[in-house]
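A short worksheet on the structure shown next.
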Amino acid sequence: MTNESIDSLYEIIKGTAIDVLEITEEAATNFAQLATAQVAGFFLRFDNVPGCLILKNVIFNGKRFIAEWESVSTQSNCPLCGKPSKQEHSRHLYGEMVQDVGIQGFPLWHNINRKKYICTADYCIQKNFMEGFPGFIEKRYSRMTVNLVDQVLNTAVNTSSRAAAKILQEQGAEISRDTIIRIILRRGAKEVEKNFYDNASEVFNVGIDDINLRKGDSSTSCMVIVNLDTGKLLSIVRGTTGETAEQVLAMFPNLEIVSRDRSTAMASAAQALDKTSVADRFHITANMHDAIERTLRETLPKTMYIPVGDSWVCLSSSNESDDIVVANVPYSLTENDVTQRVRMARLSGKAEQTYRNTLRVLELTLQGKFAAEISEIMGIPTEKIRKLRSGMRETIFDVEKKIDELIANPHGSRRKQKSVSISARHSSKSKVEPYRDTVVAMRKEGKGHMAIYNEICKLGFKGSHSTVDNYIIKLERESSIDREIMDKRSVSHDYFGSVPERPSRISVRIYSVKTVYRRVLSKIKEHRYENTEEEPESDNNPSVTPTETRRNNAIPARNRMDLPLELVNVLKWGNTDSAEKNQVAIEVNHEASVEHYMSSIHPVYDYMIQFGVDYHNFMDNSDPTGLLEFIEKYKNDSYWRLAKFANGLQMDIDAVKNTLLHPNISNGLVEGINNIIKSIKRVGGGKAKIDLLTAKMVIRHLTKASRMVGNIIPLQATS
Ligand SMILES: [Zn+2]
């Protein structure tokens, strides 16, 4: 039954009452409200109300439903001693209002008239007590039914208390934010207590991790303690010191393994308690990555300009002496190559200058020069150098694009053909007319108007070069010269008889350290898969490497949305023409250039990859000997961060060895829980305190299970 149907039912009753009973509107309203509630009440499903309660009446007063109950119980258990008693205290019934899950957005209250009993056990100090309704109302004096409390917890666990209050109010609960918080805290406390007392002996493996509730505030740093066997949070603990950890861990008598990050505080705690301490794989790997990233940051320039393509040549450094290690071999283009590109792109004088300057800037940048130094060398303002550098990729790309245009359409004209008005004077009236023979002869040779202009100037011509150009156009239009000349002109470029072969494509990649770092990680990953024989995913097809499998399994980018093929064709999403394939081939080629460049110019690149591969060699194979070899290899490394990492492993050698011995123990669960904590903290605007966060976290798994039964259908239509 919906709100509308309740409303219309109400309207019908009210209208009928006025017509039939001839009563006032006010009386009819009251009557209709009562009657509607009575009718609606028949359809209410009070499935969790105990049998000893008899429904006496249902009132709908326009704002809320009130169900009146009377107890007809004959006995009840004493809350203190648990003994059942049949002796009623008096014939008097004690009314109490208890709220239930709302009906159709209206609050539902139960007015329960219950009995008082006398405890008959002579050893019990409880003289008399109010009867309780377990399963319906949890606590004897609770103002909410079990179902409503469940609804509150379900709603509040994943959102802020303020938002939860709003949602619940919309669903018909008369509840405030404070009440919600109180309910969560109460239930949370119960769970935490269970974790540390009732169920403490069932905790065998725990994971510990640090979390900071307020970023940058060390006073809010906490420990997250997770039962690794159940994946559930045991509690959040304030502070991260060894003593704190020790105290908490001592609560679990049967604890065997403590998985932790590599902070020494935790190490000492586990040691003090004589527990097996396992350094968490996730954290060690994170530290390894950190060492790589920082080393790259400290070693590489902030921005790297990487020339890709086959045309770049390595110029040998000017000082050839062997004892100077040339770190940066400049990459450049040969002069012939540059000239060819400029011609094929048909660059104007100014554009050519920009192109040449850009290439020079690139070359000097690759030598490790700063903008100011380059400015000095080239005699161009620093500002201009920066501009050239920031436009480098586009400038070079643009020339390539123009070369492509020439190759694609060698007879097409680069610029718009100059046109001369039809009404202009006839060519025979032109100042150039006296030199007609020379002009025609030179045009036949394919010479441009500038060449012709220079030539006839020597013969005494006094006009401008554009006059010559106009004259040529007029000649061609008037068909007063051979078709041969026209063809020559339409070839339209001044340099080539036939279009030369395309110089190989070049471009510049601009990499940040972060990009390089990502490349290093992905290279390490590639090597890992190469090295591991048995890779879980690819067991049915050992010839395919996992990376390949993954690539093959990926949905083709063309039709990920699974649209009808005609539509895909209309939208041109399926368009993988040869140009695109060509692009892929070029990309592969360019990838190789980048690799080559990084390896030769920045040796730290290959070194970091090797470092990561060495790490995974002992980690993935759980090889303690490999661990020792790794430490030996890197503990005095010239990259101090790598040395620091290796020494860190050395200091914590037992725990790291345990990591290799217990490959199944991992703090991955703790990380997952950490992330949930962070997200819960965020929905509350980051204001949630440690107790509320803990409560929400420990309640989480309870509410998930009860969600299915928590939502009862309050009204049942019978039509
Ligand atoms: Zn008792």
- Message: Anything in the range 636-673 that is acidic (D, E), surrounded by fewer than 16 Cβ atoms within 10 Å (Cβ to Cβ) and in the same structural domain as S259 (by TED's automatic domain parsing)? List them, or say none.
- Response: none
- Note on the structure: Inside the range 150-195, the number of residues satisfying the requirement of being outside any helix (DSSP H, G or I) and closer than 17 Å to D691 by Cβ is 1
- Query: When the range 138-166 is examined, which residues are found to be under 17 Å from E70 (Cα atoms) and over 44 Å from the mean Cα position of the chain (by Cα)?
  - Reply: R140, Y141
- Hey, any hits in the range 90-102 for a residue that's farther than 21 Å from I184 by Cα and within 16 Å of the ligand (Cβ to nearest atom)? no
- Query: Here are some conditions: (1) surrounded by 12 or more Cβ atoms within 10 Å (Cβ to Cβ); (2) modelled with pLDDT under 80; (3) assigned to a helix (DSSP H, G or I). S428 meets all but one. Which one does it not meet?
  - Reply: (1)
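Residues that are farther than 29 Å from I680 by Cβ, in contact with a Cys (Cβ under 8 Å, 6 or more places away or on another chain) and assigned to a strand (DSSP E or B): does the range 88-111 have at least one?
Here is the first cut: in the range 88-111, the ones farther than 29 Å from I680 by Cβ are 88-98, 103-104, 106, 108-111.
Those left that are additionally in contact with a Cys (Cβ under 8 Å, 6 or more places away or on another chain): none.
Within the range 88-111 (the criterion being farther than 29 Å from I680 by Cβ, in contact with a Cys (Cβ under 8 Å, 6 or more places away or on another chain) and assigned to a strand (DSSP E or B)), the answer is no, since none of the residues qualifies.
So which of N48, N3 is polar (S, T, N, Q), under 52 Å from the mean Cα position of the chain (by Cα) and at pLDDT 75 or above?
Answer to the selection: N48.
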- Note on the structure: Contact list, first residue from the range 139-163 and closer than 26 Å to L80 by Cα, second anywhere and part of a helix (DSSP H, G or I), beta-carbon distance below 7 Å, six or more apart or interchain, is N147/G710; V149/I183; D150/S706; D150/G710
- In the range 239-256, what residues are outside any loop (DSSP other than H, G, I, E, B), farther than 12 Å from Q271 by Cα and hydrophobic (A, V, I, L, M, F, W, C)? V248
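When the residues of the range 112-133 are filtered to those that are more than 16 Å from the ligand (Cβ to nearest atom) and either among the polar types (S, T, N, Q) or in a loop (DSSP other than H, G, I, E, B) (or both), which remaining residue is surrounded by the fewest Cβ atoms within 10 Å (Cβ to Cβ)?
Going through the qualifying residues, I end up with N113.
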- Task: Filter the range 54-85 for residues that are in contact (Cβ under 8 Å) with a residue 24 or more places away in the chain, in contact with a strand residue (DSSP E or B) (Cβ under 9 Å, 6 or more places away or on another chain) and either within 11 Å of E131 (Cβ to Cβ) or within 16 Å of the ligand (Cβ to nearest atom) (or both) and give the result.
- Result: S71, S73, Q75, S76, N77, C78, P79, L80, K83, S85
- Query: Name the pairs whose Cβ atoms lie under 6 Å apart, with the first residue in the range 598-623 and touching a residue at least 60 places away in the same chain (Cβ under 8 Å), the second among the small types (G, A, S), and 6 or more positions between them or separate chains?
  - Reply: N617/G626
- Query: Could you count how many residues in the range 176-219 are in contact (Cβ under 8 Å) with a residue 60 or more places away in the chain and of a type in the set (V, I, T)?
  - Reply: 5
- Message: Can you find a residue that is at pLDDT 85 or above and either in a loop (DSSP other than H, G, I, E, B) or of a type in the set (K, R) (or both) anywhere in the range 579-601?
- Response: no
- Query: Just one of the numbered conditions (1) touching a Leu at 6+ places or on another chain (Cβ under 7 Å); (2) within 16 Å of the ligand (Cβ to nearest atom); (3) basic (K, R) is not true of R140; which one?
  - Reply: (1)
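Can you go through D209, D217 and tell me which one is modelled with pLDDT under 90 and touching a strand residue (DSSP E or B) at 6+ places or on another chain (Cβ under 8 Å)?
Numbers: D217 fails: touching a strand residue (DSSP E or B) at 6+ places or on another chain (Cβ under 8 Å).
None of the others qualify; the one that does is D209.
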- Query: Within the range 166-174, is there a residue that is surrounded by fewer than 20 Cβ atoms within 10 Å (Cβ to Cβ) and within 24 Å of I676 (Cα to Cα)?
  - Reply: yes
- Item | Residue check for K369: modelled with pLDDT of 80 or more, of a type in the set (K, R), under 30 Å from Y305 (Cβ atoms) and surrounded by 15 or more Cβ atoms within 10 Å (Cβ to Cβ) | yes
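Residues checked against (1) under 29 Å from F129 (Cα atoms); (2) in contact with a helix residue (DSSP H, G or I) (Cβ under 9 Å, 6 or more places away or on another chain):
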{"site": "A156", "(1), (2)": "no, yes"}
{"site": "Q169", "(1), (2)": "no, no"}
{"site": "I175", "(1), (2)": "yes, yes"}
{"site": "I184", "(1), (2)": "yes, yes"}
{"site": "E191", "(1), (2)": "yes, yes"}
{"site": "G216", "(1), (2)": "no, no"}
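The values are calculated or read from the model by the stated rules, or taken from the named source; none is laboratory data. Predicted model, so just to flag it, every value in this text is computed and none were measured. Backbone-built Cβ (ideal geometry, glycine too); neighbour counts: all protein chains shown.
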